[in-house]
Each structure stands twice: as C-alpha cells, then as structure tokens.
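Every number in this text was worked out from the coordinates using simple rules, so none of it is lab data. Note that the coordinates shown come from a computational prediction; the quantities given were computed from them, not determined experimentally. For neighbour counting, all protein chains shown are included, and Cβ atoms are generated from backbone atoms with ideal geometry for every residue, glycine included.
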Amino acid sequence: MASEENTSPPPQEDGRYPQPPTPAQRKRLQKCYEHANVQMRQENYDYATELFTQCVLGDPGNLLYVQGFLGNLKQKYNNN
C-alpha cells in the first residue's frame, strides 16, 4: 500500500490548527477586499497592499484575496 500524504495545514506554535474565519470576519474581509480593489484602481498601490495583506492573513485559503494581492503588486511595479 502507498502511504497517504498529509494534506492538513501545519499546526500553529501552540499545536492548534488555524480556524476558518467566522461569518462576521468574512464579511469584514470582503469589505476590505472591495475597498482594496477601489484603491488599486485609483493607483493607491501602497494602501491597497495593506488592505490585501489584511485579507490574505485573515483568510489565507481564499484564492481571490491572494490573486488580488499579487495583481496589485504586479501593477505597482509596472508588470515587472
């Protein structure tokens, strides 16, 4: 039999696994994400980076937040 690979996230320093955000936290993160997109369109890339960072740290499993964060950095540095 082939051994199965452990796909669970690594535990935090205290041994607990990170908990998914609550519905209230998700709502706040979604508003933060929307505001970050507005700031990015207005070319306020530094502020947008701060907002996207909050989103990614709050819900690291959300692909849209990560894509927004990386897209903002790409625009900030002129696609370099």
Margin query: Need one number: nm distance between label points at E43 and K76, each 7 Å from Cα along Cα→Cβ, rounded to one decimal.
Written below: 1.6
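Sort 40-49, 17-26 by the packing proxy (mean of other Cβ within 10 Å over each peptide's residues), most packed first.
Details: 40-49: 14.8, 17-26: 10.7.
The densest-packed peptide leads the list: 40-49, 17-26.
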Next item on the list: Considering the options Y47, N72, C32, tell which one lies farthest towards the positive end of the dipole of the range 23-76, charges being +1 on Lys and Arg and -1 on Asp and Glu at the Cβ, about the Cα centre.
Entry: C32
Item checked: Size of charge dipole - the range 23-76 - debye, nearest 20, with Cβ of Lys, Arg +1 and Asp, Glu -1, no other charges -> 160
